[in-house]
Each structure stands twice: as structure tokens, then as C-alpha cells.
Amino acid sequence: MSHVVVTDHLLHELVTGSHAEGTTCLAVAAAIEHDDRTLLISMIDDDFETVWQLPSDLVLPGETLLQGLVRMVNITIGLGIADVTGYAGHHDRLAEGEVIRTFVFTVAVDDPERICRWANIGHRWTSEPITACSILGDIEGHPKRGATPLGRLIGPTTSHQLSAALRAGANGLLCAEAAVELLVKQYSWLNRHDFVSAFIHRLDPTDQDPTDIASVDWVEALTALDDGRLPCSSGERQLLQIAGSLAEGIPVDLRGAITSLDSTNTGLVARAVCHAAGHRQ
């Protein structure tokens, strides 16, 4: 599993970026790796079916992400974390009308085989790639009731490459550039597999043009948003609508779109409008 180094700055950005988008319900999951395999534990869902998932839990009020991670691993499976080796990405899901964002960290534990000596915890070590299924517990085909996946696990390297490709595709078109920057700076949409896979089209580099170029199908994306096929927070909805209006001239109720934006997202919209008008900052 690819990951990036965990720093205080990264942890701060993960939390503040989520809050700026209106996502305040945060969770952590631990990808405990041992001998090129990852630990899954068994849980019982609402239908009394066994599901296999990464150890995970909500971050409690007053806890940092790392404090929640250490508590969860210790209490849930009785293991002690020796080192947090990296950040692997996040996954959003919709549960009872609220978006829950789960941050996945790769960790090393003091004695990984200790769990094999615990009779009260069902577990297995898997070599399967870790995706949203592993987090949400539907590896065996029994998704948790009330938890609607909003996308696969998206890592930071992938979203960075995608941002560069979108910028290349919009190069020279002020309104398109402004719309792309809204998506890039808002962060959430480019880290959702359901959005990226369905509404972003990429042109493979060639020998004549080695640039990786991508574009957004704004019309289809906003149609899916209106149809309820892209469940999201109100802030995410408003930013996507404004971006689509800048890029393609799709009508948007500006008063309705900006009245509940927080200061961070309002600033992003203001800078995008200035850019689209040719006032570069």
C-alpha cells in the first residue's frame, strides 16, 4: 500500500481541510501490515452477518487523529502501536444523512501475532489490495446497513497527478482554469473515486505530446449531483455547482450557492471569479 510520511502539518491539513468542506465527523482506520499482509478483523453487521474490515472507529471529541488511532488499536484489538508508518488516503461514506470521513494510516505494532492468541477476536491476514471495501466491511459482500460508499480509497499521490493533468487540460482558458482550481483547492471531489472515474476523462500521453491531460464532464457531473447520484455535504455541492457554472456556463443560483459557504470556501470562490475575469492574483 502506497503512503506518505505523517507529519504534524499533514495531520493539521487533513482536519482543517475536512472541516472547511463541512465534514466534521471524522474516523480513523489502521492498516496493520505484517509479512506483506494486512490485518482484517471480523464484525457483526445489522443483519447479523459477519463482515471483514480494517480496525476503525470514530475520533472522539477532543482527540487528535493519532490519539484516536492509538486508542482504537489498543481497545479494539489489544495491540500497541510501535510506529505510524504513513498516511494511505481517505474514504467518505454516507451514514444516516451524515458524511463520515475515514483517514487510513499504515501502522506497525509491537507484536502483530499477539492477536492470534486472542480467542475473542476473529481476524485474518490478507494480501488483497486495501480499498473502501476493506474499510467499510463488505469484502464478503455484506455492506454495513446505512453506510453508502462515496468512493474507493484515494491516496494523495493519485490526486496530485490528477490535479496536474486537469490544469494542463485547462491551460489558457481562464474560466476553465478557475473551475479546475476550485476543485483542486477544495480537495474533496478529486479524492472521490465515484466522481473521478465517471466524470473525469484523461488523454494518455503520446510520443508527440507527453503531457498528461484531463478534463471534467461538467454537464454529466452536475446532472448526477441533481439526481442524487453524488451524495455530498452542502459545501461540496455548492463548490461543484459554482465550478460547473464557471467552466460551462451552467446556470446556478448564486445567492443560494454562497449563503452557507464558510470563510475558506468563500475565499476560494472569490479567487476563482477574479481569475475567470482575468484578474490574476
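The values are calculated or read from the model by the stated rules, or taken from the named source; none is laboratory data. Keep in mind it's a predicted model, so treat the numbers as computed, not measured. Heads up, the Cβs are rebuilt from the backbone with ideal geometry, glycines too, and the neighbour counts pull from every protein chain shown.
Residues in the range 221-235 that are under 19 Å from Ala179 (Cα atoms) and out of contact with any strand residue (DSSP E or B) (no Cβ under 8 Å at 6 or more places or on another chain): Ala221, Leu222, Thr223, Ala224, Leu225, Asp226, Leu230, Ser234, Gly235.
Here Leu166 passes the criteria (1) at pLDDT 70 or above; (2) surrounded by fewer than 21 Cβ atoms within 10 Å (Cβ to Cβ); (3) under 19 Å from the mean Cα position of the chain (by Cα); (4) not β-branched (Val, Ile, Thr) except the one numbered (2).
Just wondering, is there one or more residues in the range 40-48 that are modelled with pLDDT under 90, of a type in the set (Gly, Ala, Ser) and not in a strand (DSSP E or B)? Scanning the range 40-48, I find no residue that is modelled with pLDDT under 90, of a type in the set (Gly, Ala, Ser) and not in a strand (DSSP E or B), so the answer is no.
Among residues of the range 64-86 that are assigned by TED's automatic domain parsing to the domain that holds Ala30 and crowded, with 18+ Cβ neighbours inside 10 Å, those with a beta-carbon under 8 Å from a residue that is assigned to a helix (DSSP H, G or I) and modelled with pLDDT under 90 at least six positions away or on a different chain give the pairs Leu65/Leu14; Ile77/Ile115; Leu79/Pro112; Leu79/Arg114; Leu79/Ile115; Ile81/Asn74.
Looking at this structure, is Gly22 closer than 28 Å to Ser260 by Cβ, surrounded by fewer than 16 Cβ atoms within 10 Å (Cβ to Cβ) and of a type in the set (Gly, Ala, Ser)?
Values: closer than 28 Å to Ser260 by Cβ: yes; surrounded by fewer than 16 Cβ atoms within 10 Å (Cβ to Cβ): no; of a type in the set (Gly, Ala, Ser): yes.
So Gly22 does not fit the description; no.
The set of residues in the range 100-123 being surrounded by 14 or more Cβ atoms within 10 Å (Cβ to Cβ), among the hydrophobic types (A, V, I, L, M, F, W, C) and at pLDDT below 85 consists of Ile115, Ile121.
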